[in-house]
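Here is the structure we will look at, set down as structure tokens.
The values are calculated or read from the model by the stated rules, or taken from the named source; none is laboratory data. What you see is a predicted model, and the numbers here were worked out from it, not measured in a lab. Note: ideal-geometry Cβ built from the backbone for every residue, glycine included; neighbour counts use all protein chains shown. Accessible surface is based on the protein model in full, side chains and every heavy atom, while ligands, DNA and RNA are left aside. Shrake-Rupley method; radii C 1.70, N 1.55, O 1.52, S 1.80 Å.
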Amino acid sequence: MSNNQPIVLMYHGIIGHIPRVPSGREEGADIYDVDVQKFREQLQYLKEHGYKVVTLDSMKGEDKEVIITFDDGEMNNFDEAFGILREFGYLAYFFIVADRIDRRGYIGEIQLLTMKLPGMLFGSHGLTHQILTEMPDEYLKRELVESKKCIETILESTIDTISIPRGFCNNKVIDEAHRAGYKTVFVSQKNSAVTSP
């Protein structure tokens, strides 16, 4: 057994033949979009080349472990990615912007509960998807605590992972996230999952 960290694949929009993206998306969000066929091919590649898709609880620190994540909670994650993940028998983390739940173009309560049944995992992506490093302390705490509470209420289960909105992170944000009850913080850089001691 090695002490390797898993590869973390971070997806956003999964785009089918008829693009389904929320109106009012942040400028530049489309650079993260992946065509649905390309997504399927990427999962097929993982399968054919001996990669093992794991969760934080199932990873063993072995070679070729992969964690699949989705940021923002767009409805196309449910419409396009969810079924393909199930075909391959893969679990993934969906990081949800709490105040966008049930907003047009985003996953709603029904989809969250539907995805929970076969074991998909969920975390926070903030309350409003704002840059956390620029916030006064009280607003930072609100983003972390209220988003967690909102998703926990819907799913009736503990939310202890967060993916930092827009990737802007520092030690203060990580410390506040741990104080808010998050055990693992996903950030957009190498060694991207920071677990609390």
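May I ask you to list the residues in the range 79-114 that are of a type in the set (Lys, Arg) and crowded, with 20+ Cβ neighbours inside 10 Å?
So the first thing to find is which residues in the range 79-114 are of a type in the set (Lys, Arg), and the list is 86, 100, 103-104.
Hit for the range 79-114 is Arg100, nothing else.
For the range 62-74, state whether one or more residues are assigned to a loop (DSSP other than H, G, I, E, B), surrounded by fewer than 20 Cβ atoms within 10 Å (Cβ to Cβ), under 17 Å from the mean Cα position of the chain (by Cα) and charged (D, E, K, R). Quick ask: steps written out before the conclusion?
Of the range 62-74, the ones assigned to a loop (DSSP other than H, G, I, E, B) are 62-64, 73.
Applying the additional criterion that residues be surrounded by fewer than 20 Cβ atoms within 10 Å (Cβ to Cβ) yields 62-64.
In the following step, the residues that additionally are under 17 Å from the mean Cα position of the chain (by Cα) were identified as none.
Checking the range 62-74: not a single residue is assigned to a loop (DSSP other than H, G, I, E, B), surrounded by fewer than 20 Cβ atoms within 10 Å (Cβ to Cβ), under 17 Å from the mean Cα position of the chain (by Cα) and charged (D, E, K, R).
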(request) Scan the range 41-66 and report the pairs whose first residue is at positive phi and modelled with pLDDT of 95 or more and whose second residue is open to solvent by less than 80 Å² (accessible area, probe 1.4 Å) and among the aromatic types (Phe, Trp, Tyr), with Cβ atoms within less than 6 Å and a gap of 6+ or a chain change. (result) Lys64/Tyr51
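Looking only at the range 18-28, decide whether some residue is of a type in the set (Gly, Ala, Ser) and either part of a helix (DSSP H, G or I) or surrounded by 14 or more Cβ atoms within 10 Å (Cβ to Cβ) (or both).
Kept after step one, since they are of a type in the set (Gly, Ala, Ser), are these residues of the range 18-28: 23-24, 28.
Of the ones still in play, those that are also either part of a helix (DSSP H, G or I) or surrounded by 14 or more Cβ atoms within 10 Å (Cβ to Cβ) (or both) are none.
Among the residues of the range 18-28, not one is of a type in the set (Gly, Ala, Ser) and either part of a helix (DSSP H, G or I) or surrounded by 14 or more Cβ atoms within 10 Å (Cβ to Cβ) (or both), which makes the answer no.
Any residue at all in the range 27-41 that is of a type in the set (A, V, I, L, M) and in contact with a Lys or Arg (Cβ under 9 Å, 6 or more places away or on another chain)?
Kept after step one, since they are of a type in the set (A, V, I, L, M), are these residues of the range 27-41: 29, 31, 34, 36.
Restricting the remaining residues to those that are in contact with a Lys or Arg (Cβ under 9 Å, 6 or more places away or on another chain) gives none.
No, every residue in the range 27-41 fails to be of a type in the set (A, V, I, L, M) and in contact with a Lys or Arg (Cβ under 9 Å, 6 or more places away or on another chain).
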(request) State whether one or more residues within the range 132-144 are touching a residue at least 40 places away in the same chain (Cβ under 8 Å), closer than 30 Å to Glu41 by Cβ and either within 17 Å of the chain's Cα centre (by Cα) or open to solvent by 10 Å² or more (accessible area, probe 1.4 Å) (or both). (result) no
(request) Among the residues of the range 33-61, write down those that are among the acidic types (Asp, Glu) and open to solvent by less than 50 Å² (accessible area, probe 1.4 Å). (result) Asp33
(message) Could you check the range 149-183 and list, in sequence order, the residues that are open to solvent by 10 Å² or more (accessible area, probe 1.4 Å), without any contact (Cβ under 8 Å) to a residue 40 or more places away in the chain and among the aliphatic types (A, V, I, L, M)?
(response) Ile174, Ala180
(request) Write out, first by first residue and then by second, each pair whose Cβ atoms fall under 7 Å of each other, whose residues are 6+ apart or on separate chains, and whose first residue, in the range 13-35, is without any contact (Cβ under 8 Å) to a residue 40 or more places away in the chain while the second is among the small types (Gly, Ala, Ser). (result) Tyr32/Gly13; Asp33/Gly13
